[in-house]
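Okay, so here's the structure we're looking at.
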Amino acid sequence: MKPAAFDYFRPASLAEALALLATYKDDCKILAGGQSLVPAMNFRLARPAVLIDINDLSELDDLRADADGLRIGALTRHAAFHRPVVDGPLGTLLAKVVGHIAHYPIRQRGTFAGSLAHADPASEWCLVATALDAVVVAKSARGDRTIAACDFFHGTFTTDLSADELLAEVRLPPLAPCWRTGFYEFSRRAGDFALGMALAALNIDAGVIKDARLGIGGISNRAIRLRKLEDRLVGQRVSPELIDAIARDAWAAVDPLGDIHASPEYRRDLAATAVKRALTEAAA
Ligand code: FAD
C-alpha cells in the first residue's frame, strides 16, 4: 500500500513549525521518526492532508541531565538510550527498557517523544513516563504548557495534546542512587509489542521500603500507575510474601483488554506475573 496524497513541509525553525500547526490543525500530522505514522499512512489508517517534518529542528535534538532530572528533546531517538544517558538507576533502567522496543533499525529513527504522542498502550516509554512521574512540555503558537504524564494519556492513541500543539520535551525526574528498579515485559517474539509489562522502583533502607513506584503497560488502554499498591508497599519490609500479595492485588486491580493477541483473562494473569517479576528484580 502507498499513502494517500499529502502536502509536505520541512520547517527550518520551531516558530515556523508552530505556525504551520496553527494553520492546518486537524488536517496535519507531525512527522518525527515516522516509525508509527508512516505504516499507518501506508495502510491508510491515517490520511493527513499535510505532514510537518520536524527533523531539521535542531532545538528539539536535545538530551541532557540536570538537577531536575533528564530533559529529552522531541528528536531524541530510542537508540540514544542503548547506553546509560545518566549515572545511577535511571540511566540503567532506560538502557534495559529500550532493548524491548521494536528492532535496532526502528530504534535508530523512532523517538521517545513520538512514542508518547502516539500513545500506544503497549509503549514502553509511555509506561516509563507514567510510572516515573514524567512531565511533558507542549508548545504551540498560543504558548507553552506542561502536562503531568498521569494527565497526558487519555486512552489508546489519544493524549491531552491539542491539534496545534507539538510535544517539545519530556522531563524525567532524577532517581537517587538509593532507588532500585525492575522491569519485566512479555511479548511473543523479540521486537513485538508487549502483551504486558510492569515497571517497579523501590527506595529501600535497611530492608524497609521507604518509597515506591509501580506501573503496568500493555494490559489496558493506557499505562497505569498502581498507586494504591505503592501505598501498600511503603513502610513494609521487603519479602517474597509481600511481593506475592502485591501481585495478587495487581491481578484484582487491573481492567484488562482483550484482542487478537490475548484474552482479558490472559492479560490479567500476565499483569500479576509482570508485577511480581519487576518487584522481585527491584528488591534483589
Ligand atoms: P512518528 O511515527 O513520526 O509519529 C507517531 C505519531 O506521533 C504521529 O501521530 C505523529 O504526528 C505524532 N508525533 C510524533 N512526534 C510528535 C511530537 N514531537 N509532537 C506531537 N506529535 C508527535 N513502539 C514501542 O513503544 N514498543 C514496541 O515494541 C514497538 N515495536 C514496533 C515494531 C515495529 C515493526 C514498528 C514499525 C514500530 C514499533 N514501535 C514500537 C513504534 C516505534 O517505537 C515508534 O518509533 C514510536 O511509536 C513513534 O515514534 P516516531 O518518532 O517514529 O513517531
How much length is gained if the chain between residue 249 and residue 208 is pulled fully straight, taking 0.36 nm per residue apart and subtracting their Cα-Cα distance, in nm to one decimal?
-> 12.8 nm
If each part is reduced to its alpha-carbon centroid, the stretch 182-257 and the stretch 1-66 end up apart, in Å, by 35 Å
Rounded to the nearest 0.05, what FRET efficiency do residue 236 and residue 151 have when you use their Cβ-Cβ distance and R0 = 30 Å?
-> 0.55
What are the lysines whose alpha-carbon lies under 24 Å from the alpha-carbon of residue 2, with same-chain residues fewer than 8 places away excluded?
-> 25, 29
Pop out the ³J(HN,Hα) list for the stretch 264-277 in order, Karplus 6.51 cos²θ - 1.76 cosθ + 1.60 with θ = phi - 60°, rounded to Hz; leave Gly and Pro as x.
-> x, 5, 5, 5, 5, 4, 5, 4, 5, 5, 5, 4, 4, 6
Just subtract the alpha-carbon distance of residue 45 and residue 221 from 0.36 nm times their residue separation and send over the number in nm, one decimal.
-> 61.5 nm
Cβ-based charge dipole, the chain, positive-most Cα from 178, 246, 76 | 246
If the viscosity is 1.002 mPa s and the temperature 20 °C, what translational diffusion coefficient in µm²/s does Stokes-Einstein give for the chain when Rh comes from Kirkwood over Cα pairs?
-> 110 µm²/s
Cα-based reach from residue 210 at 15 Å (exclusive), listing aspartates and glutamates while leaving out same-chain residues under 8 positions away | 230, 231
How large, in Å, is the stretch 179-283 by the Kirkwood hydrodynamic radius built from its alpha-carbon pairs?
-> 13.5 Å
Spin-label pair residue 23/residue 5, simplified geometry with 7 Å Cα→Cβ offset, distance in nm | 1.9 nm
Percentage relative contact order, the chain, counting C-alpha pairs under 8 Å, at least six apart = 16 percent
√(5λ) per eigenvalue of the Cα gyration tensor, the stretch 1-71, largest first, Å = 26, 16, 10
What distance in nm separates the simple spin-label points at residue 92 and residue 176, each placed 7 Å from Cα in the Cβ direction?
-> 1.7 nm
Within the chain, longest stretch clear of exposed trypsin sites (Lys or Arg not before Pro) (DSSP loop, no more than 13 other Cβ within 10 Å) = 45-141
For residue 96, which lysines qualify as cross-link partners when the Cα separation must be under 21 Å and same-chain residues fewer than eight apart are set aside?
-> 276
Between residue 259 and residue 284, with labels modelled 7 Å along Cα→Cβ, what's the label distance in nm to one decimal, could you check?
-> 3.0 nm
Does the stretch 51-140 classify as rounded, prolate or oblate by the C-alpha gyration tensor (a ≥ b ≥ c root eigenvalues; a/c under 1.5 gives rounded; else a/b over b/c gives prolate, otherwise oblate)?
-> rounded
With Cα coordinates, the longest principal axis of the chain makes an angle with the long axis of helix 240-253, in degrees rounded to 10, of 50 degrees
Residue-averaged 222 nm ellipticity for the chain, from DSSP H runs of 4+ at -39500 (n - 2.57), nearest 500 = -9500 deg cm²/dmol
Using a ≥ b ≥ c from the Cα gyration tensor of the stretch 149-204 (square roots of the eigenvalues), is it rounded, prolate or oblate, where a/c under 1.5 gives rounded and otherwise the larger of a/b and b/c decides, a/b for prolate?
-> oblate
Considering the options 92, 41, 67, tell which one lies farthest towards the positive end of the dipole of the stretch 12-163, charges being +1 on Lys and Arg and -1 on Asp and Glu at the Cβ, about the Cα centre.
-> 41
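No value in this document is a laboratory result; all are computed from the given coordinates. The model shown is predicted, which means the values in this text are computed figures rather than measured ones. Glycine gets a Cβ as well: all are built from the backbone with ideal geometry, and neighbour counts include every protein chain shown.
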